[in-house]
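To start, the structure itself, in C-alpha cells.
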Amino acid sequence: MATGTQGQLVLREVMDIRQAADYLGISGDTLYRYASEGFVPAFKLGNRWRFRKSLLDSWMDEKSGVTPKTAVVEPGKKKPVGSAR
C-alpha cells in the first residue's frame with residue numbers, strides 16, 4: 001500500500017482484498033469468506049473481489065449502531081446564525 005507524507009497510509013476508494021482486510025483489521029481469508037457470503041459490501045471485478053471504502057465505512061457504522069449526524073431544520077424555523085463581530 002502506498003504511503004503519503006509523514007508515513008501516513010493512503011487508502012484508495014476501491015481496495016483489493018488485502019487492502020480492505022488491513023483496513024478492517026481482519027485476515028484476508030475471513031474477508032474473502034464474508035464477501036462470498038454477502039456479509040460485507042463487495043463486488044467482483046473479473047474474478048477478484050473489490051471493496052469501496054465509503055461502503056465499508058457505512059457498513060461499519062450500521063453494524064456498530066452509529067447514526068450519522070444530520071442537521072434537521074424544521075419548516076418555518078431559521079437556522080441559527082453565529083454572532084457578528
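Numbers at a glance
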item: Sole exception among (1) exposed (fewer than 10 other Cβ atoms within 10 Å of the Cβ); (2) modelled with pLDDT under 90; (3) charged (D, E, K, R) for Arg12, by number; result: (1)
item: Test for Arg48: is it under 15 Å from Met15 (Cα atoms), surrounded by fewer than 10 Cβ atoms within 10 Å (Cβ to Cβ) and at pLDDT 95 or above; result: yes
item: Residue that is nearest to Gln19 (Cα to Cα), among those in region 51-71 that are at pLDDT 95 or above and not in a helix (DSSP H, G or I); result: Phe51
item: Residue count for region 13-46, restricted to those that are more than 11 Å from the chain's Cα centre (by Cα), charged (D, E, K, R) and not in a helix (DSSP H, G or I); result: 3
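The values are calculated or read from the model by the stated rules, or taken from the named source; none is laboratory data. Since the model is a prediction, treat every value here as computed from it, not as a measurement. Neighbour counts run over all protein chains shown; Cβ positions are idealised from the backbone, glycine included.
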